[in-house]
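Inspection log for the structure reproduced underneath, given as structure tokens.
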Amino acid sequence: MTYHDLNANRREILTSVGAGGLTLAFSMASKAEAQDGGLKPLNAYVRLAPDGKVTIQAKNPEVGQGVRTMLPMLIAEELDVAWEDVVIETAPNDPKTYGRQFAGGSMATPMHWEELRRVGAVARAMLIQAAATAWNCGPGDCTTAPGEVIHTPSGKKRTYGSLALACASVTPPDPKSLTLKDPKAYRIIGKPKAQYDVAKIVTGQPLFGIDVRRPGMLYATYEKAPVFAAKVASADLEAAKSVKGVRKAFVVDGDPNAFAPGPGQIGQGLMPGVAVVADSWWAARKGRDKLNTKWADHPTSKQSSKLFAEQAKTLAAGKAQRTPRNDGDVDAALKASAKTVEAAYFYPFLSHANLEPQNCTAEYKDGKLEIWAPTQNPEPGRQLVAKTLGMKPEDITVHMVRGGGGFGRRLANDYMVEAAWIAREAGAPVKLLWTREDDMAHDHYRPAGFHFFRGGVDAAGNVTAWHDHFVSFGEGTGFSPSAGMGPTEFPARFVQNCRLEVSTMPLGVPTGPLRAPGSNALAFVMQSFIDELAHAANADPLAFQIKLLGDKDVVGEAPAAYAAGRMRGVLKAVGEMSGWANRGKLPKGEGMGVACYYSHLGYFAEVAHVACSPDGAVKVKKVWVAADVGSQIINPMGAMNQVQGSVIDGLSAALHQQITIDGGRAEQSNFTDYPLMRISEAPQVEVQFLKTNFPPTGLGEPALPPVIPALTNAIFAATGKRVRSLPVTPDMLKA
Amino acid sequence: MAYTLNVNGKAVSADVDGDTPLLWVLRDTLGFVGTKYGCGVAACGACTVHVDGEPMRSCQIPVESVGKAKVSTIEGMAAHPVGKKVQAAWMELDVAQCGYCQAGQIMSATALLAKTPKPTDAQIDEAMNGNLCRCATYVRIRAAIKRASGQKEA
């Protein structure tokens, strides 16, 4: 599976966990065993040391979502050890043992909640069995306290460390046969735990991809065409090599159209460019400055944001290319509506802007490649490197290294392929580091999109008709990556007369998933237009949302089921938290807006309070979040951080960011023209997790989408001006 | 040519071109990789170090201009009376998400508290506004600075 279809296949992921995930977890990790230095592996995840230290493998890549701490918490809880005795190691990239290892889709919690607790429970059962054998009693006579097995009748104790060797002859029990702990007995789950690597982070220890060093390592920079995928026409390699410290400079032809995920889509092949390899990265950059590279013309070099907007208007005026949904009779319902609204919405391309620019270190020796990559998706990276370099995957090892931010960007592995290619060509270990400008010019952007709405309400404040003609990017019947919309997009299924239409235009710009892909854009348009209808109906927007959700608990069937009852619950909660009922008392120029959105299995409702000044400036004073991600918050410390960060991330994008395309290239190049929100603008974010009787789900993404329409709906409440295009600019709001 | 620098109280030497930014001398030549590269144009603050106690963007300082100035990096903060308090607060509140910007944040926060032991919210915003956090941990950064300064957290 490639990163492109990560979302499309979420159902498959969930199914595979249920079907075969557990058996995989209990095959021995041969590498972990070989490196254990006398420690005894109980299974692929757990090793015990005689001193009682317990080493737990963190299976998934860490990019700031806290998964390196959270997943081991699940194992440690059921194993029954003190968190202070846990040592966390990064697992090898070994999907045969660990199942899929990736950071995406907020999937780590739903995929592992059950499985990894059972991993811990099996290890605990083996320790109990080993102790029972030694005491010549039945395992039923034994229990555990953190780090020790207790013989209940006599009170005798054995530490886990002292039982490690004896466990080797114990057959692991069937994980499904074990009873997991009553949540009331949790000692670790539900307790706030700082990230395992927090001390390394605050003292500046080497931790990130960019910090990797190898003996004899050289540094590389790689110049690619501003127009995506254009080939090198000429480059002054000799001039680059004349710079002190530069060892090599060479052109890479690349094959950008290779390995396309679908017809007419941009491939995942190596992008053409010029590599400069030097003793230091600064020397490599100085060499690159001398290249004077000329690029061949490229068929997409005339594309621009301006032309996309014109094309979208033309497409919207004509007959839609496809109609994924057509319930009831929209046109008749619009005619019969008490009030109708028409509106055109737009959102721009966005860059991921990970603070750590893309980088990767690779070492090619005796026909084998070793790679250290801050990737969210190591195994597909390994496969892509194998295909591109014509190697066998088994001759390539990918080490997962902490990434300085992921946000979906590192699901793609373009930097990994480039580093591998350059290292093999250079004949030395090489660290490839992109400049910030490279990073912004060669992203897999959040795709822009256009929505043309018509909607109607009746005199009682019900939505009677909903029509969205979505103009997006793609060719044939396929969308560009992350540029799609499904036929169940809310409020579909909640409005009797509902038509969703789609038209697409070709795109030469690479796109891909950005935190809450699809949802981060769709929430803005859907929830804004619902707010427009609420105001047309002269209704309280929050009450209007609750009414729209109807009275059923669940609408539709898995995997597209929508738990309307859970959404009503968070809407009511956020209304109470924010003092929504009293919003009429806010001073002039201030307002509150509400929005809700379901994504990544989480139900979120958010209220934003803004103050708008006559010069068009917007200050977000506070945001309230009510979240329903199920029965248990595993690590409240990390959970709160993810939600607060997602909210400010969404505000940052909505208020500041856009990538515009001109001449086939991205026009922005650094944080000077692609700003992130700074601390002086960041509001307080109050969060409440509603505990409901559903399995726990993830928090890396679902808090982000609703904050954007909560913001723009608040701006409308404050100013009477409807934001239908992002980012919000002062010009839009000037009095 | 060879430059002798004072980094974290020790004399170290680097044989590099004079126009090499201090950031790259620290990271690639001297191995102080805690100082991070984010933008190269002084827009993100990830490369913040102290030069004679002042927070500076090391991506903008050619090594030839450093001279005898005392350079402190994140690796030196455990020995800094204010820096270690800031680090402790950062750990207690688990400020970081990805953690990439946090060395720069801690350097700016330490410089602030060294001069202004009890900063107001406005002073915090002003001193910290040059440091971007892509994960947007700003709520906790504010709280950690308050905690390190012994003030009540909002």
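Give the stretch A:135-178 a look and list any residue that's of a type in the set (S, T, N, Q), in contact (Cβ under 8 Å) with a residue 40 or more places away in the chain and within 30 Å of A:M637 (Cβ to Cβ), or say none. Those that are of a type in the set (S, T, N, Q), in contact (Cβ under 8 Å) with a residue 40 or more places away in the chain and within 30 Å of A:M637 (Cβ to Cβ): A:T144, A:T159. Within the stretch A:503-525, at least one residue is more than 27 Å from A:L651 (Cβ to Cβ) and in contact with an Asp or Glu (Cβ under 8 Å, 6 or more places away or on another chain).
Looking at the stretch A:160-199 only, could you name the residues that are of a type in the set (V, I, T) and either at positive phi or under 28 Å from the mean Cα position of the chain (by Cα) (or both)?
A:I188, A:I189, A:V198
When each of A:P706, A:P614, A:P696, A:P702 is tested for being more than 11 Å from every other protein chain (Cβ to nearest Cβ) and touching an Asp or Glu at 6+ places or on another chain (Cβ under 7 Å), the lone residue that passes is A:P706.
Exactly one residue out of A:G209, A:G147, A:G161 is in contact with a Lys or Arg (Cβ under 9 Å, 6 or more places away or on another chain) and closer than 18 Å to A:A76 by Cα: that is A:G161.
Can you tell me how many residues in the stretch B:105-122 are more than 11 Å from every other protein chain (Cβ to nearest Cβ) and more than 14 Å from B:V82 (Cβ to Cβ)? Total meeting the criteria: 1.
The selection criterion, being surrounded by 24 or more Cβ atoms within 10 Å (Cβ to Cβ), within 13 Å of chain A (Cβ to nearest Cβ) and not in a loop (DSSP other than H, G, I, E, B), holds for B:V49. Return yes or no: is B:A109 over 23 Å from A:N354 (Cα atoms), of a type in the set (G, A, S) and part of a helix (DSSP H, G or I)? Against the criterion (over 23 Å from A:N354 (Cα atoms), of a type in the set (G, A, S) and part of a helix (DSSP H, G or I)), B:A109 does not qualify.
A quick yes/no check of all residues on (1) in contact with a Phe, Trp or Tyr (Cβ under 7 Å, 6 or more places away or on another chain); (2) among the small types (G, A, S):
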residue	(1), (2)
A:M577	yes, no
A:L586	no, no
A:S599	no, yes
A:A608	no, yes
A:S613	no, yes
A:G616	no, yes
A:V623	no, no
A:G645	no, yes
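Taken over the stretch A:393-447, the residue count meeting the criterion of being within 14 Å of chain B (Cβ to nearest Cβ), assigned to a helix (DSSP H, G or I) and under 19 Å from A:G700 (Cα atoms) is 2. Residue-level check: of (1) buried (at least 16 other Cβ atoms within 10 Å of the Cβ); (2) modelled with pLDDT of 95 or more, A:H298 misses just (2). Might you let me know whether the stretch A:240-255 holds any residue that is touching a Leu at 6+ places or on another chain (Cβ under 7 Å), among the charged types (D, E, K, R) and closer than 26 Å to A:G664 by Cα? Yes; the residues of the stretch A:240-255 include at least one that is touching a Leu at 6+ places or on another chain (Cβ under 7 Å), among the charged types (D, E, K, R) and closer than 26 Å to A:G664 by Cα.
Scanning the stretch A:576-601 for residues that are touching a strand residue (DSSP E or B) at 6+ places or on another chain (Cβ under 7 Å), surrounded by 24 or more Cβ atoms within 10 Å (Cβ to Cβ), not in a helix (DSSP H, G or I) and not hydrophobic (A, V, I, L, M, F, W, C) returns A:G593, A:Y597. The residues listed here are B:K84, B:K68; of these, the one that is more than 15 Å from the chain's Cα centre (by Cα) and either over 29 Å from A:G216 (Cβ atoms) or in the same structural domain as B:T110 (by TED's automatic domain parsing) (or both) is B:K68.
Total residues in the stretch A:52-103 satisfying the condition of being within 24 Å of B:Q102 (Cβ to Cβ) and small (G, A, S): the figure is 4. Pairing each residue of the stretch A:192-215 that is facing another protein chain (nearest Cβ under 7 Å) with any residue that is in a helix (DSSP H, G or I) and hydroxyl-bearing (S, T, Y), provided the two are 6+ apart or on different chains, yields C-beta distances under 6 Å for A:Q195/A:T69. Scanning the stretch B:127-154 for residues that are of a type in the set (V, I, T), facing chain A (nearest Cβ under 8 Å) and in a helix (DSSP H, G or I), we see that the one that is surrounded by the most Cβ atoms within 10 Å (Cβ to Cβ) is B:I141. Annotation note: Cβ proximity below 6 Å between a residue of the stretch B:2-22 that is in contact (Cβ under 8 Å) with a residue 24 or more places away in the chain and a residue that is of a type in the set (D, E) and surrounded by fewer than 19 Cβ atoms within 10 Å (Cβ to Cβ) (sequence gap 6+ or interchain) occurs for B:G18/B:E64.
What are the residues in the stretch B:22-34 that are outside any helix (DSSP H, G or I) and either more than 7 Å from chain A (Cβ to nearest Cβ) or acidic (D, E) (or both), if any? Of everything in the stretch B:22-34, those that are outside any helix (DSSP H, G or I) and either more than 7 Å from chain A (Cβ to nearest Cβ) or acidic (D, E) (or both) turn out to be B:L30, B:G31, B:F32. Note on the stretch A:648-681: residues that are part of a helix (DSSP H, G or I) and at the interface with chain B (Cβ under 8 Å from one of its Cβ atoms) total 5.
Scan the stretch B:84-104 and give yes if some residue there is touching a Leu at 6+ places or on another chain (Cβ under 8 Å), assigned to a helix (DSSP H, G or I), within 23 Å of B:Y37 (Cβ to Cβ) and facing another protein chain (nearest Cβ under 10 Å), otherwise no. Scanning the stretch B:84-104, I find at least one residue that is touching a Leu at 6+ places or on another chain (Cβ under 8 Å), assigned to a helix (DSSP H, G or I), within 23 Å of B:Y37 (Cβ to Cβ) and facing another protein chain (nearest Cβ under 10 Å), so the answer is yes.
The values are calculated or read from the model by the stated rules, or taken from the named source; none is laboratory data. Quick caveat, the model's predicted, so the values are computed rather than measured. Here Cβ is always computed from backbone atoms with ideal geometry, including for glycine, and neighbour counts include all displayed protein chains.
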